[in-house]
Amino acid sequence: MKKITVTRPYLPPKEEYISMIDRIWENEWLTNKGPLHNEFAKGLEKYLDASNINLVVNGHMALDIAIKSLELKGEVITTPFTFASTTHAIVSNGLKPIFCDINENDLTIDVKKLENLISDDTSAILPVHVYGHPCNIEEINRIANKYKLKVIYDAAHAFGVKYKNQSLCNFGDISIFSFHATKLFHTIEGGALIYKDDSYTRKFNALKNFGIENEEIISYVGGNGKMNEFQAAMGLLNLKYIDTNIIERKKITLAYRTFLKNIRGINYFVPEKNKDITYNYSYFPILIESNSYGKSRDEVYEILKKHNVYSRRYFWPIVTEFDCYKNEFCDIDVEVASRISKQILCLPIYNGLSIEEVEEICLILNHIQKSKGV
Ligand SMILES: *Cc1c(COP(=O)(O)O)cnc(C)c1O
């Protein structure tokens, strides 16, 4: 079998990217709110049905700016079942992460355990729509209102996801997106802040440009987080293909579900079972129950590799097990996240992965279970 990786960046037709780049030469404008950047921001606003969008150089910078701009203090409640970026953004801003366990149904923050973790020092909640599964936004909203907490959603996985026909980006104070090459929608590297309150705009613009408000006034300790024209060109073009790409990934997902249906000990998620959710098919995570499947997740991962299939143990280890955090911040029990991280495996999904390849991967999984050895 030819090498199959867990993901592959989407590349739009090269000639079309070149015509976009031609426009950069015509404009002679490379970065700092260029014409393509502005056009892309408008296009995204429309696609995501967002009130305000602020483009930045990557998703991590979006998180950093969100945290800085809300002037959070003390503790931020978040999930340990996420990418390193989420927690690093909290800690590097001098805040203390409080890890709340996840629920087993969709692996997002467990709202039943959340309220107990709130203290006088809590200033915000930073949940993650992991794999594009929407968090329990109604309950998070209720809790945030009750305790006057800010909510920043890490929506890096949730491009295009809707809840009750509303864009998921419109909940909480700020939602951040990542447009990294490996994400469902990308601008090579890139990210965005999406928010309802217009008054944030000034501060976001300053924070991504060294805190500069104008020639004479430098108001904040800002960094450099601007999106350049080459990124915006990729974004404008990929926006044209996003709907077809989601449809293709939906076909891949449905094929996986069909081929895996009868394999004992392998479970997958069907977010659309909840009629309120319009899903984006960004990832295909499975859970391997080693007792009924007969092999552990790590064994499956290794055997797939021998067949040239590179899946990913995403998320493992969880954040509370990171060397940089395990001796600090991690005294709260996150039993579900810990258990799930040893069962989870993301199978390959990307535009261009054929249904035959999906079938082959599932045949291997079927075969592993039936064989005693490798
Ligand atoms: C990718 C990702 C980020 C960081 O985004 P970058 O664009 O890579 O900086 C943050 N949070 C989550 C959950 C991610 O998957």
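The values are calculated or read from the model by the stated rules, or taken from the named source; none is laboratory data. It should be emphasised that the depicted structure is a prediction, and the values quoted were computed from it without experimental measurement. Every residue, glycine among them, receives a Cβ derived from its backbone with ideal geometry; neighbour counts consider all protein chains shown. The area values use the complete protein model at the heavy-atom level, side chains included, leaving out ligands, DNA and RNA. Shrake-Rupley method; radii C 1.70, N 1.55, O 1.52, S 1.80 Å.
Tabulated results
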quantity: Within the stretch 159-169, considering residues that are assigned to a loop (DSSP other than H, G, I, E, B) and in contact with a Leu (Cβ under 8 Å, 6 or more places away or on another chain), the one most open to solvent (accessible area, probe 1.4 Å); calculated: Gly160
quantity: Count - residues of the stretch 199-229 that are open to solvent by 70 Å² or more (accessible area, probe 1.4 Å), part of a strand (DSSP E or B) and of a type in the set (A, V, I, L, M, F, W, C); calculated: 1
quantity: Residue among Gly59, Gly34, Gly132, Gly43 that is away from the ligand (no atom under 16 Å from the Cβ), buried (at least 22 other Cβ atoms within 10 Å of the Cβ) and in contact (Cβ under 8 Å) with a residue 60 or more places away in the chain; calculated: Gly34
quantity: Selection count, the stretch 132-185, where residues are within 20 Å of Met61 (Cα to Cα) and β-branched (Val, Ile, Thr); calculated: 5
quantity: The lone exception for Met20 - which of (1) more than 17 Å from Gln231 (Cα to Cα); (2) surrounded by 15 or more Cβ atoms within 10 Å (Cβ to Cβ) it fails; calculated: (1)
quantity: Residue pairs meeting the criteria (Cβ under 6 Å; at least 6 apart or on separate chains; first within 12 Å of His60 (Cβ to Cβ) and at pLDDT below 95, in the stretch 78-91; second more than 10 Å from the ligand (Cβ to nearest atom) and open to solvent by 10 Å² or more (accessible area, probe 1.4 Å)); calculated: none
quantity: Search result, residues across the stretch 79-98 that are closer than 19 Å to Ser178 by Cβ, more than 10 Å from the ligand (Cβ to nearest atom) and either more than 19 Å from the chain's Cα centre (by Cα) or open to solvent by 20 Å² or more (accessible area, probe 1.4 Å) (or both); calculated: Val91, Ser92, Asn93
quantity: Enumeration of residues in the stretch 145-158 that are within 11 Å of the ligand (Cβ to nearest atom) and either over 18 Å from Thr78 (Cα atoms) or assigned to a loop (DSSP other than H, G, I, E, B) (or both); calculated: Ala155, Ala156, His157, Ala158
quantity: Among the residues listed as Leu114, Leu126, the single one being open to solvent by less than 50 Å² (accessible area, probe 1.4 Å) and more than 19 Å from His88 (Cα to Cα); calculated: Leu114
quantity: Qualifying residue in the stretch 237-249 (condition: touching a strand residue (DSSP E or B) at 6+ places or on another chain (Cβ under 8 Å) and open to solvent by less than 10 Å² (accessible area, probe 1.4 Å)); calculated: no
quantity: Selection from the stretch 304-317 of residues that are in contact with a Lys or Arg (Cβ under 9 Å, 6 or more places away or on another chain) and buried (at least 18 other Cβ atoms within 10 Å of the Cβ); calculated: Val309, Ser311, Trp316
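Residue-wise test of (1) more than 12 Å from the ligand (Cβ to nearest atom); (2) small (Gly, Ala, Ser); (3) under 13 Å from Ala66 (Cα atoms); (4) open to solvent by 20 Å² or more (accessible area, probe 1.4 Å).
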| residue | (1), (2), (3), (4) |
| --- | --- |
| Phe171 | yes, no, no, yes |
| Ser175 | no, yes, yes, no |
| Lys183 | no, no, no, yes |
| Ala192 | no, yes, yes, no |
| Met234 | yes, no, no, no |
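Results for (1) open to solvent by 70 Å² or more (accessible area, probe 1.4 Å); (2) more than 25 Å from Ile247 (Cα to Cα); (3) modelled with pLDDT of 95 or more, shown as yes or no for each residue.
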site: Asp331; (1), (2), (3): yes, yes, no
site: Glu335; (1), (2), (3): yes, yes, yes
site: Ile344; (1), (2), (3): no, no, yes
site: Gly352; (1), (2), (3): no, no, yes
site: Ile368; (1), (2), (3): no, yes, no
site: Val374; (1), (2), (3): yes, yes, no
